[in-house]
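The values are calculated or read from the model by the stated rules, or taken from the named source; none is laboratory data. Owing to the predicted nature of the structure, the values given are computational and were not obtained by experimental measurement. Every residue, glycine as well, gets a Cβ built from its backbone with ideal geometry; the counts of neighbours run over all protein chains shown. To get the accessible areas, we keep the full protein, side chains included, count just its heavy atoms, and leave off ligands, DNA and RNA. Shrake-Rupley method; radii C 1.70, N 1.55, O 1.52, S 1.80 Å.
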Amino acid sequence: MGALRVVATAGHVDHGKSSLVLAMTGTDPDRFAEEKQRGLTIDLGFAHLALPSGDEISFVDVPGHSRFVGNMLAGVGGVDACLFVVAATEGWMPQSEEHLRILELAGVRHGVIAMTKRGLVDDEWAEIAEIEIADRVAGTFLADAPIVAVDSLDGTGLDELVAALEQVVATTPASADRGRPRMWIDRSFAASGSGTVVTGTLTGGQLHRDDVVVVWPGGRSARVRAIESHGERCDEIGPGHRVALNLSGVSRDEVARGDVVVEPDRWHLTDRVDAELSVLASLDHAVSRRGAYVAYVGSREVPVKVRVLGDDAVAPGEVGAIRVFSPVELPLLPGDRYVLRESGRHETVGGGEILDVDPIVKASKARPDRSLTRVIAERGWIEVDELERLTGERVPATAGRWVTTPADLAHTQERLVEMVTEAGEAGLDVAVLADHERAVLDAVDEVRVEGSWARLAGAADPFVDHPVIGEVLAGGWSPEPPSDRAAARELVRRGVLVERDRIVFHREAIDEAARLAATMLAEDAEGFTVAAFRDRAGVSRKFVLALLAELDARGVTRRRGDVRIGGPRLPQI
Ligand SMILES: Nc1nc2c(ncn2[C@@H]2O[C@H](COP(=O)(O)OP(=O)(O)OP(=O)(O)O)[C@@H](O)[C@H]2O)c(=O)[nH]1
Ligand SMILES: [Mg+2]
């Protein structure tokens, strides 16, 4: 299979975008009766083109009318390239300009220009129109794009345009596979059998049949019952495809354009991001906190509040940074592009790249960028998985499952060695440490961690010959309470001492009790009573009960009515 790219049309109303898609693919992207009737695209349309090279293009056809610019914005999120349409008859028009700006803000970097309606103008006019177009796109990502004169009605230039599109496919990088699939939904409808079908452009990773996915906002869980791309069923599908998913577990009215499908638990859901903001040079005022805005990200339109970071306002033609507040939580990543429009004036203001999906520094101090180091440094320590959720990047852990900066690592190591040194012979109880500190401790050469205690590597183990051991051992089957409780606890943990019913025995005393039980059962296989054991052991009932409970727990003996009989672990004598 050849390469596949998703290409959005763009351009002023009536300039011939849909006609061109129809002429090339045979599919009329205007799906609705109203669109056909009015000769006007209202909503997104879709068509597929198999190129002679073997490569393929999925077209997303957008409306040109300024009233439907929201739909246009939903269509260009996640596309690889554009087919920019300008009619030779009218030349550059307001939505030619606005669409070009939007494509730039949305991060589209590749495309071709079709100068349509060539058959309606003479050569001289066509030449002038082409010069004007070249002039308008100078300095933008379309500066070097070929301008192909076409006529969709008589077929002029279509072969040349197809050749130019083959070039675009060949030179546009494939959608990256980062193992993190995400699909912004641009259409949803009830499946003919059961379930709900959602369509969109898949990016970031693969999806498979039977995958469990989550739809945000809301976090509804669903199963991928079937996958289709270009009308064909498949078991799995990679990034960069137009995809239809049949989802079970969500009903038709629970999903809509602007919702987004991702894998569970892999994404940070955010209602607050820091983002770069390039303000359009053509805007007649600076962007400040005032004003009601709408942000477009993926296929979603979301009303937002903004706060300018740093200076009070970002002037036209300048690049600043803003904090954006959304009423809904979305799975976003640094590098996602957004477009900002002023809702009152229906005017595109600017846009750019999302830089931080979990800003934790106060807006007055925030200096967002896309560096991983900043995200790590602001937190000191962060888990590898969490860092991936916040940045999309997976890096090797510094210690355990944690990542930090070299400075924070050195500082933590130093502090831990100090703590361990101070704890001295008794050692530092690692239960008091945070998880990342424990992970660091495990890797510090000067420190030895045994069980739950950390000591300097050179230090002798004070528990090996701890006086409490001898004390308890001397007590035999009726020991006194240990003089050093903390030490006794650690020795119990190590198995040197045994605690039962709040009495601490030496393990040898238990072994000896097991041998006594075996002896008594050898004499009388019917079993022995507590009283009989007490007579033989010669200690008070309190100790006997604890000893027998321990023997029962170990499977040395078993209780049957009033007597003890042999258990599976009864020693041979
Ligand atoms: N002669 C001629 N007419 C064209 C050409 N392209 C489009 N038209 C006509 O121009 C009108 C508008 O074409 P559309 O394809 O609907 O334009 P559009 O850009 O998709 O319009 P919107 O989606 O509403 O923005 C239709 O009547 C077409 O028949 C062309 O290349 N030559
Ligand atoms: Mg159209």
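Computed quantities for the displayed model
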quantity	calculated
Residue-by-residue Karplus 3J(HN,Hα) for region 277-286, coefficients 6.51, -1.76, 1.60, Hz, glycine and proline x	10, 9, 8, 4, 5, 7, 5, 8, 8, 6
Net length gained if the chain between ASP177 and GLU318 were fully extended (0.36 nm per residue, minus Cα distance)	47.5 nm
Amide proton proximity set for PHE46, modelled H, under 5 Å, gap of 5+	ASP61
Prolate/oblate/rounded label for the chain (Cα gyration tensor, a/c 1.5)	prolate
Length released on extending from ASP271 to ARG345, taking residue separation times 0.36 nm less the Cα-Cα span	24.2 nm
Per-peptide average of other Cβ atoms within 10 Å, ordering 261-267, 489-495, 523-529, 419-425 highest first	261-267, 489-495, 419-425, 523-529
Modelled label reach - GLU160, point 7 Å along Cα→Cβ, region 80-105 residues with backbone N closer than 20 Å	82-92
Rounded to 10°, Cα long-axis angle of helix 485-494 versus longest principal axis of the chain	70 degrees
Label-point separation in nm, ARG494 to VAL432, each point 7 Å along Cα→Cβ	2.0 nm
ARG307-ASP465 FRET efficiency (beta carbon distance; Förster radius 56 Å; 0.05 resolution)	0.30
Amide H contacts under 5 Å for GLY240, placed H, 5+ residues apart	LEU202, THR203, GLY204
Two-site FRET efficiency, GLU232 against ARG252, from Cβ-Cβ distance with R₀ of 35 Å, rounded to 0.05	0.90
Most to least packed among 182-191, 222-231, 2-11 [average Cβ atoms within 10 Å]	2-11, 182-191, 222-231
Spin-label model distance (nm) - SER282 vs LEU153, 7 Å beyond Cα toward Cβ	2.8 nm
Helix axis angle, 541-554 relative to the chain longest principal axis, alpha carbon, degrees	50 degrees
Segment ASP28-ALA138, length gained on full extension (0.36 nm per residue, minus Cα span)	36.4 nm
Accessible-area ranking of VAL530, VAL243, largest first, probe 1.4 Å	VAL530, VAL243
ARG220 paired with GLU383, simple spin-label distance in nm, labels 7 Å along Cα-to-beta-carbon	2.9 nm
C-alpha long axis of helix 94-105 to longest principal axis of the chain, angle in °	30 degrees
Listed peptides 197-203, 98-104 by packing density, highest first (mean Cβ within 10 Å)	197-203, 98-104
